[in-house]
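The values are calculated or read from the model by the stated rules, or taken from the named source; none is laboratory data. These numbers were taken from a predicted model, which means no experiment stands behind them. Cβ atoms come from the backbone with ideal geometry, glycine included; neighbour counts cover every protein chain shown. Calculation scope for accessible area: heavy atoms of the full protein, side chains included, ligands and nucleic acids excluded. Shrake-Rupley method; radii C 1.70, N 1.55, O 1.52, S 1.80 Å.
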Amino acid sequence: MRLLDQMVAMALAAFPPYHGGTAATAFQSGPVSEAGFQAYLPQLRGEAQRAGISQRTIDLAFSNLQFSPRTVELDRAQPGGTAGNPAIPPFAPYRREHVNPAIIGNGKRVYAANASRLSQIGRRYGVEPTVMLAIFGHETSYGVVTGNFDLLNSLASLAYEGRRRQLFTDEFIATLRLMDRGYPRSQLKGSWAGATGYPQFLPSVYLRVAADGDGDGRANIWSNQADALASIGNYLSSAGWKPNVPWGVPVTVPAGLNRSGLGARVTSPRCERVHGRHSGWKTMGEWRRLGIAPQGRGLPENELATLLEPDGPTETAYLLTTNYRTILDYNCSNFYALSVGLLADAIAR
């Protein structure tokens, strides 16, 4: 499975399975079929009509919707719908795969080609340009791998299957809104789970934060790097990015650190397992007094940070700021967020 599919699947794991509705709209736990899909479509068409989608777009979209069994197969293979807490693999191999010389080198080349525009976008949104670029690189290898699933077919199939029916119905309708805005269906392709364009936005995210990066009045995240990077910057800014604060720093943890009182006191309402690996918040000054020393650049003494030890007490740990939580908002995976931060730092060097 491609990286972007894995990333979207982890993000979607934050949404609980949908079990509401009548028997006719319940989760299709058994076999699914083209016939069952076609029988479901009038219900989906009604949802689109109630949402105010133009009749022209509805007629155009529903004239050739096709069930995508591959989409449902991939969705059912994802974690999140089963009980249990599988063992967390080590971060180091993931880091070697996603923060390596080739990816760093490509990032530096894209940065050099877009330096002036990136600087403008960074000032506009208060986000470090290399962080935007690292997300671009992590999501689609700087635009090389964006997915070729037809969004309408995939999203309609996932709505029919029903495990997250309301989510995928909403995303299907958001895709229709993009068509209402003049984007052709041929352009609306992406991951099996509905993520599209260079930033791999779900359609509803595009509607919320897509931004024009080059001043042509259009937010084209499918083939325009400036627009894609501006959209990523706007996403992070809207999610609470704090200007001029690093995402975090690698640290060395003393062997004798007493961790018994470091646990978080508040449970996150979203992605609980991801956030549950972090300590409670302390200022950098408090962490220093515990003997935890940054490797390289540090953070201001009064900056709040949490401790994450992804590979255990004897390996490199990280002190993470609120900006790290903003990267988690983009994709709720510690490995994803760490690799984005580390890739951004490597591109900047």
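Find the residue count for the stretch 266-289, including only residues that are under 17 Å from residue 252 (Cα atoms) and touching a strand residue (DSSP E or B) at 6+ places or on another chain (Cβ under 8 Å).
Of the residues in the stretch 266-289, 6 are under 17 Å from residue 252 (Cα atoms) and touching a strand residue (DSSP E or B) at 6+ places or on another chain (Cβ under 8 Å).
Considering the stretch 31-62 alone, what residues qualify as being modelled with pLDDT under 95 and either part of a loop (DSSP other than H, G, I, E, B) or within 17 Å of residue 180 (Cβ to Cβ) (or both)?
31, 32, 33, listed by residue number.
I need a count of the residues in the stretch 117-141 that are open to solvent by less than 10 Å² (accessible area, probe 1.4 Å) and not in a helix (DSSP H, G or I).
Residues that pass the stated criteria total 1.
Are there any pairs with C-beta distances below 6 angstrom linking a residue in the stretch 315-342 that is within 16 Å of residue 239 (Cα to Cα) to a residue that is among the β-branched types (Val, Ile, Thr) and open to solvent by 10 Å² or more (accessible area, probe 1.4 Å), with the two at least 6 apart or on different chains, and if so which?
Listed pairs, sorted by first residue: 321/245; 323/245; 332/274.
Name the residue that is most open to solvent (accessible area, probe 1.4 Å), counting only residues in the stretch 167-194 that are touching an Asp or Glu at 6+ places or on another chain (Cβ under 8 Å) and closer than 20 Å to residue 142 by Cα.
In this case the residue turns out to be 189.
Restricting attention to the stretch 290-312, which residues are farther than 14 Å from residue 249 by Cα and either β-branched (Val, Ile, Thr) or touching a Leu at 6+ places or on another chain (Cβ under 9 Å) (or both)?
290, 291
List the pairs whose first member sits in the stretch 209-238 and is closer than 23 Å to residue 324 by Cα and surrounded by fewer than 21 Cβ atoms within 10 Å (Cβ to Cβ), whose second member is of a type in the set (Lys, Arg) and modelled with pLDDT of 95 or more, and whose Cβ atoms are under 8 Å apart, counting only residues at least 6 apart or on separate chains?
238/208
Using the structure shown, decide if residue 279 is at pLDDT 90 or above, farther than 30 Å from residue 188 by Cβ and in contact with a Lys or Arg (Cβ under 9 Å, 6 or more places away or on another chain).
The answer is yes for residue 279.
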